[in-house]
Amino acid sequence: MTKFAFPHVTFADCVYNYWLPGNNRTQPGTYRVIVDAELPSARSVMLLDLCGAGGFLSLSPDIAQRTGLELDNEITTDKLFETLQRTGVELNGADHLFYLPSAEQNRIQNEHFPATIRQLTLDDTAAFETFFSAAPKDDLDEAFVELDHWLVFGCFIEDRLVSVASMYPWKGTSFADLGVITLPHFRGHGFGRQIVRAISAQALKQGFEPQYRCQQNNISSIRLAEASGFSLFANWDVIKLDED
């Protein structure tokens, strides 16, 4: 596949292969329509806005019929949102999608991490429960961190667990979706950065691609992603489901 031009950054092939449908390119502010009968209901409308390029609007056939959009149509940003509003389609709110550039992956796998950071197991349940009870509720809601996830790392300071990152395989892909929480009193010391890099190194060694997602208004999480060596690939949004 011909890679889209991301300024000074090259990502792993699996990132391009999963997110980019073919070699069709669009200009900034323009989206190419993809009609996909295999989209699940939770992603019957999916909007991908690439950094430094245009984007893609993926629709299930029934939504495409409702909007009057067809495969390979190109639509401007204004027209897109006007069409979605007219047809009663509401989006959930975009996430930033971060991945490690290829050059950074090489560095991170050869990095040495302090002894205070290690992989957690069920033997760490008591320490994790103490950590969990001390973490702010907003952080727990925004960052999906669990001890029983596929891969979990923790940072200990004087035998206290102060930062935790966990990963799980994302939607049947080779992506390892990452969540991280550092207790407020221990922020600003680089623990979050170290633990994100440590868990990412282990995921890469096991053949998984670290994926860092956060909401566009989560400035502290964006800064942590960038400080940990990740680069922004795209903004990603899906249809908002009726909670009823």
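Picking from residues in segment 207-226 that are in contact (Cβ under 8 Å) with a residue 12 or more places away in the chain and farther than 14 Å from residue 192 by Cβ, the one that is surrounded by the most Cβ atoms within 10 Å (Cβ to Cβ) is 210. Residue pairs whose Cβ atoms lie under 7 Å apart, separated by 6 or more positions or on different chains, with the first residue in segment 102-117 and in the same structural domain as residue 128 (by TED's automatic domain parsing) and the second in a helix (DSSP H, G or I) and among the basic types (Lys, Arg), are 108/197; 109/205; 111/197. One residue stands out in segment 108-141 among those that are surrounded by 10 or more Cβ atoms within 10 Å (Cβ to Cβ) and acidic (Asp, Glu): the one that is farthest from residue 184 (Cα to Cα), namely 111.
Quick check: anything in segment 133-152 assigned to a helix (DSSP H, G or I), at pLDDT 95 or above and either of a type in the set (A, V, I, L, M) or over 28 Å from residue 49 (Cβ atoms) (or both)? Looking through segment 133-152, at least one residue is assigned to a helix (DSSP H, G or I), at pLDDT 95 or above and either of a type in the set (A, V, I, L, M) or over 28 Å from residue 49 (Cβ atoms) (or both). Residues that are on the phi < 0 side of the Ramachandran plot, within 23 Å of the chain's Cα centre (by Cα) and buried (at least 18 other Cβ atoms within 10 Å of the Cβ) number at least 2 in the following strands (runs of 3 or more DSSP E) confined to segment 26-107: 30-35, 45-50, 55-59, 95-99. With the structure loaded, tell me whether residue 203 is touching a strand residue (DSSP E or B) at 6+ places or on another chain (Cβ under 6 Å), touching a residue at least 40 places away in the same chain (Cβ under 8 Å) and part of a helix (DSSP H, G or I) or whether it fails that test. The answer is yes for residue 203. Assigned to a helix (DSSP H, G or I) and of a type outside the set (D, E, K, R) - does that describe any residue in segment 209-218? No: segment 209-218 contains no residue that is assigned to a helix (DSSP H, G or I) and of a type outside the set (D, E, K, R). Looking across segment 167-192, the residues that are over 16 Å from the mean Cα position of the chain (by Cα) and either under 23 Å from residue 208 (Cβ atoms) or part of a strand (DSSP E or B) (or both) come down to 182, 191, 192. Screening the candidates 238, 164 for the property of being surrounded by fewer than 23 Cβ atoms within 10 Å (Cβ to Cβ), in contact (Cβ under 8 Å) with a residue 24 or more places away in the chain and in a strand (DSSP E or B) yields one hit, 238. Kindly evaluate residue 179 against the criterion of being closer than 21 Å to residue 100 by Cα, surrounded by 14 or more Cβ atoms within 10 Å (Cβ to Cβ) and without any contact (Cβ under 8 Å) to a residue 40 or more places away in the chain. Against the criterion (closer than 21 Å to residue 100 by Cα, surrounded by 14 or more Cβ atoms within 10 Å (Cβ to Cβ) and without any contact (Cβ under 8 Å) to a residue 40 or more places away in the chain), residue 179 qualifies.
Number of residues in segment 114-130 that are β-branched (Val, Ile, Thr) and in a helix (DSSP H, G or I) equals 2.
Among residues of segment 43-77 being closer than 29 Å to residue 9 by Cα and of a type in the set (D, E, K, R), the one that is modelled with the lowest pLDDT is 72.
The values are calculated or read from the model by the stated rules, or taken from the named source; none is laboratory data. Computed from a predicted model, the values in this text were never measured in an experiment. With ideal geometry, Cβ positions are generated from the backbone for all residues, glycine too; neighbour counts draw on all protein chains shown.
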